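Before any comments, here is the structure.
Throughout, read-outs are computed from the coordinates displayed, never taken from laboratory work. Bear in mind the structure is a predicted one, so any value in this text is a computation, not a measurement. A quick note on method: Cβ atoms are made from the backbone with ideal geometry, for glycine too, and the neighbour counts reach across all protein chains shown.
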Amino acid sequence: MEFLNFTHDQSAADLIATVYPTPPLAYVHSYGCQQNVSDGERIKGVLMDIGFGLCDKPDDADLILFNTCAVREHAEQRVFGNVGALKAIKEKKPSLIIGLCGCMANQQHVVDKIRKSYPYVDLVFGVDGIDTLPALLTQKLNQKKRILMEPAQRPVIVEQMPVRRESDFRAWLPIMYGCDNFCTYCIVPYVRGREKSRRPEDILAEFKQLVEAGYKEITLLGQNVNSYGKGLDEEIDFADLLNLLCAVPGDYQIRFMTSHPKDASYKLIDTIAAQPHLCKHLHLPVQCGSNRILTEMNRRYTVEKYLDLVEYARKRIPGITFSSDIIVGFPGETEEDFQGTLELVKKVGYMQLFTFIYSKRTGTKAALMEDPTPRKEKTDRMQRLLDTQDAIAMDLVKKQIGQTVRVLVEGYGRTEGTLSGRLDNNLTVEFAAEDCLIGNYAMVKLTGARATVLLGELDA
Ligand code: SAH
Ligand code: SF4
Ligand code: F3S
């Protein structure tokens, strides 16, 4: 693994200043997971470093960049739909540069389709190409031809990239990139490449900057944070990294995602129990509650091992909450397998579930498996799962009423005059308060609930 430091590209900045009489505007839209949103913040930072301003309407832009997600077919269709809609804008403004980057751009069939069917897309580059954006734009502006990079993975980590963060109190902090797990349904290892960890000193430096800048919540990101540290010179695991970060003085909280159950350890749970900076919430995607399907998915844990982790965490961390991802209708999933999922969901009692109907991804192992279950059956299972989960979540939410808790105030609530805050355990509460509290901690008494949202009063 090679570690590079980002360097400012003055010649690109000079070129931009010559081509555009006033600073050009970029519209950058990120689809998909937090990792992509975090990449989007770096893309914006790199663009601003060479003289771009940002805008939030495609119509105002000189450069439109879609930072795409490939995880499910629907995500890809949406991107193609939205790219299609840009044709009209380009016709009105021929100087407009349209670019596509992110996970979809790391698939050959996507690059081929863009080349053939979307001639007004000028620029394509993959997830490892963010630091090369100034050079790609230079090439585009000088040669006036399309720059479509072929999918490639670089064994490189680029540090010190400029970042334009979306919030001034909540920050994303990637600790690793890529994924080595090859769950059989998942495209991520193919589009994001092999797992690579940032050096702890680089993470610590960025973390300290965030704390000093007043960030109240820092979320550490990786596709499998529990395997952090593989391939680094020094011996360090994820729990060690958490301890290193928690030693930084300040008024902040740390969240992290995603924890793969096969690598989640008692040590990690003990660390959450011991460190007050760590939120008492664990996102632990189980995907399914049938051991047979878990094996087919190559998840490398069993329902029993998963439940043991949950039980240990409950014992060590009173009040901890869990959330999870679940795939319904994996190839060959039977009604009995699905019953296993319902049973597991009830046993764990999740606060929140992210549920997906299986989507076939070309190039993955599962794409070659027989999938005889009709779509109607899958949507029916999904509905039963959602109904089960709703009842569980509403019940758990009600049990919180009566406590007074510290929340991070994130923004406006749904009812006029209210703000919305997040509890340590990741639940949300709405309460009447002045706008100036946004971005700060507040003490809130929990007085009621509307479905799965708590209602409360500011505790003076
Ligand atoms: N690295 C994370 C999640 C990455 S993708 C983890 O291992 O948990 C986010 C979620 O999308 C996954 O947890 C999974 O539930 C879902 N997902 C991934 N591929 C999918 C597919 N082909 N069809 C449906 N859902 C999928
Ligand atoms: Fe995909 Fe599995 Fe990697 Fe998560 S751990 S990104 S689900 S391959
Ligand atoms: Fe999507 Fe890429 Fe994330 S495929 S879910 S944006 S890693």
task: Scan the range 415-459 for residues that are of a type in the set (S, T, N, Q) and touching a residue at least 60 places away in the same chain (Cβ under 8 Å) and jot them down.
output: Asn425, Asn426, Asn440, Thr452
query: Considering the range 294-344 alone, what residues qualify as being hydrophobic (A, V, I, L, M, F, W, C) and either assigned to a loop (DSSP other than H, G, I, E, B) or farther than 24 Å from Ala366 by Cα (or both)?
result: Met297, Leu307, Leu309, Val310, Ala313, Ile317, Ile320, Phe322, Phe330
query: Which of the residues that make up the range 246-289 are among the small types (Gly, Ala, Ser) and either part of a strand (DSSP E or B) or within 15 Å of ligand 1 (Cβ to nearest atom) (or both)?
result: Ser259, Ala264, Gly289
task: From Arg115, Arg165, Arg146, grab the single residue that is touching a residue at least 60 places away in the same chain (Cβ under 8 Å) and away from ligand 3 (no atom under 16 Å from the Cβ).
output: Arg165
message: If a residue must be under 15 Å from Val46 (Cα atoms), over 26 Å from the mean Cα position of the chain (by Cα) and free of Cβ contacts under 8 Å to residues at least 60 places away in the same chain, how many such residues does the range 14-33 contain?
response: 3
- line: Expected output for the range 92-110 (first residue more than 16 Å from ligand 2 (Cβ to nearest atom), partner among the basic types (Lys, Arg), Cβ below 8 Å, 6+ apart or cross-chain) is Leu96/Lys90; Ile97/Lys140; Ile98/Lys90
message: Can you find, within the range 188-212, the residue that is surrounded by the most Cβ atoms within 10 Å (Cβ to Cβ) among those that are of a type outside the set (Phe, Trp, Tyr) and under 21 Å from Cys69 (Cα atoms)?
response: Val191
- request: Output the number of residues of the range 186-196 satisfying the condition of being away from ligand 3 (no atom under 12 Å from the Cβ) and either in contact (Cβ under 8 Å) with a residue 60 or more places away in the chain or among the aliphatic types (A, V, I, L, M) (or both).
  value: 1
Residue list for the range 216-245, restricted to those being surrounded by fewer than 18 Cβ atoms within 10 Å (Cβ to Cβ) and either closer than 19 Å to Pro276 by Cβ or within 16 Å of ligand 1 (Cβ to nearest atom) (or both): Thr219, Lys230, Asp240, Asn243, Leu244
- line: Going through (1) under 24 Å from Phe52 (Cβ atoms); (2) within 16 Å of ligand 3 (Cβ to nearest atom); (3) part of a helix (DSSP H, G or I) one by one, Arg78 fails only at (1)
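Can you pull out the residues in the range 413-442 that are of a type in the set (D, E, K, R) and closer than 20 Å to Ile218 by Cβ? I'd like the intermediate steps shown before the answer.
Here is the first cut: in the range 413-442, the residues of a type in the set (D, E, K, R) are 414, 416, 422, 424, 430, 434-435.
Those that are of a type in the set (D, E, K, R) and closer than 20 Å to Ile218 by Cβ: Arg422, Asp424.
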